[in-house]
1. Say we look at the range 65-110 and pick out the residues that are outside any helix (DSSP H, G or I) and under 15 Å from the mean Cα position of the chain (by Cα); which of these is modelled with the lowest pLDDT?
2. Take I60 and decide whether it is surrounded by 16 or more Cβ atoms within 10 Å (Cβ to Cβ) and closer than 17 Å to K161 by Cβ.
Amino acid sequence: MHLKKALILSLVSDSPGGDYRDAKNWTDDELIDKIVEKKDSRLFGVLYDRYSNKVYNKCIGFTKNQNEAKDLVQDIFLKVFTKLQHYNKVKASFSTWLYVIVYNHCTNYVTRDKKRWQNTFKESSIKDYGDSGDVIELEELNGLDEEKFSEALLKLPPEDKALLLLRYQDDVPIKEIQELLCLNESAVKMRINRAKKKVVKIYESSR
């Protein structure tokens with residue numbers, strides 16, 4: 001067993017467990033119901049195996065450092081375990097709920113050091129975008145050079161990057177985003193469009 005996974009599971013369980021040989025075939029919600037009920041580390045291990053690589057890939061997209069990303073994965077899954085009882089499958093799927101936790105945690109981690117953040121991206125290089133202006137359609141982003149767009153995305157403020165990834169990479173509906181962020185639909189759309197304007201501005205300035 002991977003050391004990080006073993007450490008996480010040792011911290012989340014005091015239960016002797018039960019017979020869950022078919023657990024890998026269970027849905028996320030079935031797993032979560034049992035984890036909350038039994039506090040069984042083997043069940044949480046199934047959830048960990050199902051999502052840890054995806055979480056790691058998202059973390060390294062923010063940190064660009066393998067060791068930091070691995071530490072973030074451990075922190076995130078410990079946080080997930082403590083918050084599982086608050087997961088509401090009516091509001092959003094588990095994957096959406098998880099990715100919001102991932103992006104929030106990574107955003108807080110990256111911005112905790114102001115100097116480090118300024119070295120990554122200087123806020124003065126972006127003007128105020130306001131609430132008005134033309135809406136940037138997804139098709140416009142799809143027409144950009146992929147490599148240059150990825151570089152521009154890295155320079156976005158992490159909260160904007162997280163919102164764009166949540167909407168377009170993870171394909172989370174606006175309705176789920178507004179439920180999870182406790183915002184109305186117009187506020188979510190405004191923030192997404194503002195983030196798209198920023199990334200296009202960065203992209204065009206690097207051409």
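The values are calculated or read from the model by the stated rules, or taken from the named source; none is laboratory data. Quick caveat: nothing in here was measured; it's all calculated off a predicted structure. Methodologically, a virtual Cβ is constructed for each residue, glycine included, from the backbone with ideal geometry; neighbour enumeration extends over all protein chains shown.
1. In this case the residue turns out to be A92.
2. Criteria met by I60.
Here is a yes/no grid of residues against (1) without any contact (Cβ under 8 Å) to a residue 40 or more places away in the chain; (2) assigned to a helix (DSSP H, G or I); (3) closer than 17 Å to N104 by Cα; (4) not acidic (D, E):
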site: F149; (1), (2), (3), (4): no, yes, no, yes
site: L153; (1), (2), (3), (4): no, yes, yes, yes
site: L183; (1), (2), (3), (4): yes, no, yes, yes
site: V188; (1), (2), (3), (4): yes, yes, yes, yes
site: I192; (1), (2), (3), (4): yes, yes, yes, yes
